[in-house]
Every structure is written in structure tokens, then in C-alpha cells.
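Coordinate-derived values only; no laboratory data. Since this is a predicted model, take the numbers as computed values, not measurements. Here the Cβ positions follow ideal geometry from the backbone for every residue, glycine too, while neighbour counts run over all protein chains shown.
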Amino acid sequence: MSASPSWPGRKPPALLAALALATALAAGGARAQSDNDLHGRLELSDSGLFSNGDSIEAALGAKDSDEALANLRLTWEPVWGPWSLQIHGVATIEDGPAVAISRAEATLLPAPPATWLNLTDTFAGRGDVLGQASIDRLAVTYTTPDLVVRVGRQAISWGSGLVFRPMDLFDPFSPSATDTEWKPGVDMLYVQRLFADGSDVQFIVAPRPAQPGGPLTGDASSAALHVHTTIAGHETTFLIARDHGDWVGGLGVNGALGGATWNVEVVPTVLRVGGTRVSGIANISDGVTLFGHNATVFAEYFHNGFGDANRLLTLETLPPDLEDRLVRGQLFDTRRDYLAGGLTLEVNPLLTVSPTLIADLNDGSLFALVAGTYSLSDNLTLIAGAQAPIGPARTEFGGLPLSPGSSILFAPPGQLYVQLKRYF
């Protein structure tokens, strides 16, 4: 989402006034059929980032850095009979060299608007500090036993990927995301028809401009039809979408194998400029007992139809259709074939540990992740984790050159992080 210019002086923007009004209404005793109080989450986090000496971070003077972040989300979701309202306000302050580096990297691959309306204001945006306030959910919903109609800023997730999500067209999470509680909201119309046998049909329209502040265009917008049903005892999903000018199809099937669950998805894309790219996943997961503790183990193969298996790949020579999806945040991987495996281990009722290993099968580089979640109380959670890219230079996780003759590499940094989340 693009940010508007910094606030003049200390005058708050109109969107914060709207959020303040919503807060006042909630606190003032607006009551309906369910809990209409103001809720939310406060997150405080700190990350240590570690890069190689030939990285773009080192070239910008931040080979090793520390990043601090504070994030406050306020949620108000009142219900009046079949009608409901969803408002989420978010304020974030980030401090560290990665802020300036992200600005520099954005000039390499500028992103188009992710949604129609810009509901984000930047109140601090110089040097190593970035402060923003936004409305991340703003939607009205009408619900009956067999129909849901929602208009406004909302989030939707499709597909059964565990690490990679080729069928999720709307702001999917990166495999390395450390906070996956809320997807960014997208301005859209959402209609869902439910059937007595458990099947449902979903239809969405997400209008967007091609440029910030510009008119809505068909080639920048998306429309999709998603069908979920059961065929021959297997849950089956069909998708057809017009997304950023391309036609996207999807077929997903899942079932059981012994006590395990498997999923297969095939997602072909017919490009408006010609040609077809076919992506897909196949995964399996199972609940097991390890060392006397409950655990869920999984493995997932991902074929990236937009990826490039050329070992001499650089940022400058990325295929255009791959670059488009990288800057839009629909893809996060540059190669064609990946294998991921991991588990979630319940060490005790309060502590879970989740290690994951991602292997790039085209160049042999690896990305290792581990996170531990500890419940300090009913409303207080502590999360700590580490991420480590592994591989030689000129591999995806070891670092891709900026251009064929460049000695500067672009790679995910190693990371140690800790998060404290308070819910209210």
C-alpha cells in the first residue's frame, strides 16, 4: 500500500478522526447482539539482522543491524441482526537501518497499488524511523444462513498451501513472514453462497488503479470465482480469475492417506502478453507423537511456473512476468522448484516449537526457520525465532547479483527476533 505525504505539523489526519469516533462509539456503550467492545493487540518486537559483506545492506552501511517495532491494532466488530461492521485501525512505528534500506530497495522494484483507496498516513518517515497509521479493515457485511455479502476493506485467503500459496492471489504471506495473524486488507466486493451439503461459491471483485491516485483500470483490478465442493469423497476447489489482466485457473483436491492429509493444487495462468505458466503444490501433513510429545509434521513441493532455473539469474534479468508478481507480493521466490519440510512440536501445553527448512532444488541453496511460541498468560504471548539463509553467492538464498556485472548481492538477511504480544 502506498503512503501519503507526512502529516503537516502535528495535525492528525481525517482517518484517525474516524477511528477516534469509532472508538468513542464502542466505549460509549453501543450494544447489539454480541460483544461490541473495542478489542485489539499490542505487539512489541526487536530483530537482529545479519548480512554478508557483499550484500546490498553492507553496501548501504548496515551489514548488521537492530530493528525495533511497535504495532497497535484496534478492532471493533459490532453486530446488529444480519448486519455487521468491521473496523480495524493500525498504528506502527519502526526504528532501524532496515527502514532506509527498504526505501532504497523499493526504487529497484517499485510496487503498484495493492488496493483501491489509500487509507494510510505516514507521520514519521525520515532516516531510520517510519511511523504509519492506517485503517486495515473497513467493511459492512450482510449475513443470512446461506448468503454472505461484504463490501469494503477485508481479507481473503484461498488455497491449501502450507508454505507456498499459488492459489492465494490477494496478499499471501511470505514463507519467511514472522507475523501471520492478519493479512493486509484489500478493498473488494465479496459474495458467498452456501449450500446444505457444505459446498460454497465465492465471488469477489477487487478494483484497483494502475498508479497511485489514478483511475481504476481493468488491467490493474481483479475478479474471481471460487467454488468449493466434494467430488468422489474428496474436497475439491475450482478457481477462475481475471487478475491484473491475466486469466488464472485453479484446481485443488485433498484427501486422506492413512492418518495423514494430502493436498494437490494446479494453477495455470494465461498471460495477456501471450504464453501460459503453470504453478502447483503437493503437500502432506500428519499428526504424530515425537519423544512423547504431540507434533504435526509436513512436507510440501512447490513448482513455480514463473520461476527461472538459470543459475546466472540476476535481479536485472528477472523475467518480466516473474518481476510483476514479486513486486505485487504474489510471489516471493525466483526459482522453479522447491521442497519444504517441518513440524510443530508441543513441548508442553504452554510452549510450541516450529522448525522449517526450505530447499531451492534448482541451485541447492537453503532457508532455515525456527520459531517458538510461549503462552505467558491467557492474553500475553512471547515468540522468539531465527532465520538463516544458506548457500553460496549467486544462488537464491546465498544472494543474487543486482546485475550481471555487479558484485553486490541481494539476499534475505539472517535474523534473530523476539515478539511480545498483548491481547485485550
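Some notes on this structure:
- Geometric extent, Cα atoms of the chain - Rg, Dmax (angstrom): 22.1, 64
- Taking Cβ atoms as reference points and 9 Å as the exclusive limit, the residues near Phe164 contribute a net charge of -1, counting Lys and Arg as +1 and Asp and Glu as -1.
- Computed lengthening from Leu271 to Leu376, 0.36 nm per intervening residue step minus Cα-Cα distance: 32.9 nm
- Fewest-first ordering of Thr334, Thr217 by other beta carbons within 10 Å of each residue's beta carbon gives Thr217, Thr334.
- Across the chain, the longest run free of exposed loop sites, meaning GluC sites (Glu not before Pro) lying outside DSSP classes H, G, I, E and B with no more than 15 other Cβ atoms within 10 Å, spans 1-180.
- Contact order normalised by residue count of the stretch 14-423, Cα under 8 Å, 6+ apart, percent: 12 percent
- Computed over the chain, the per-residue total of -39500 (n - 2.57) for DSSP H runs of n ≥ 4 gives a 222 nm mean residue ellipticity of -2500 deg cm²/dmol, rounded to 500.
- Charge sum, other residues only, whose C-beta stays under 12 Å from His88's C-beta, Lys/Arg counted +1 and Asp/Glu -1: +2
- Unit charges at the beta carbon, dipole of the chain: most positive-side option, Ser406, Leu251, Ser157: Ser157
- Straightening the chain between Glu181 and Val418 buys 83.7 nm, computed as 0.36 nm per residue apart minus the Cα-Cα spacing.
- Ordering Asp378, Asp66, Asp171 from the fewest to the most neighbouring beta carbons within 10 Å gives Asp378, Asp66, Asp171.
- Lys/Arg +1, Asp/Glu -1 at C-beta; the chain dipole; positive extreme among Ala386, Ala59, Leu138: Leu138
- Of the trypsin sites (Lys or Arg not before Pro) found in the stretch 308-362, the ones in coil according to DSSP and having at most 12 other Cβ atoms within 10 Å of their Cβ are Arg311.
- For the peptides 269-275, 367-373, 350-356, residues were scored by their other Cβ atoms within 10 Å and the scores averaged per peptide; the highest-first order is 367-373, 350-356, 269-275.
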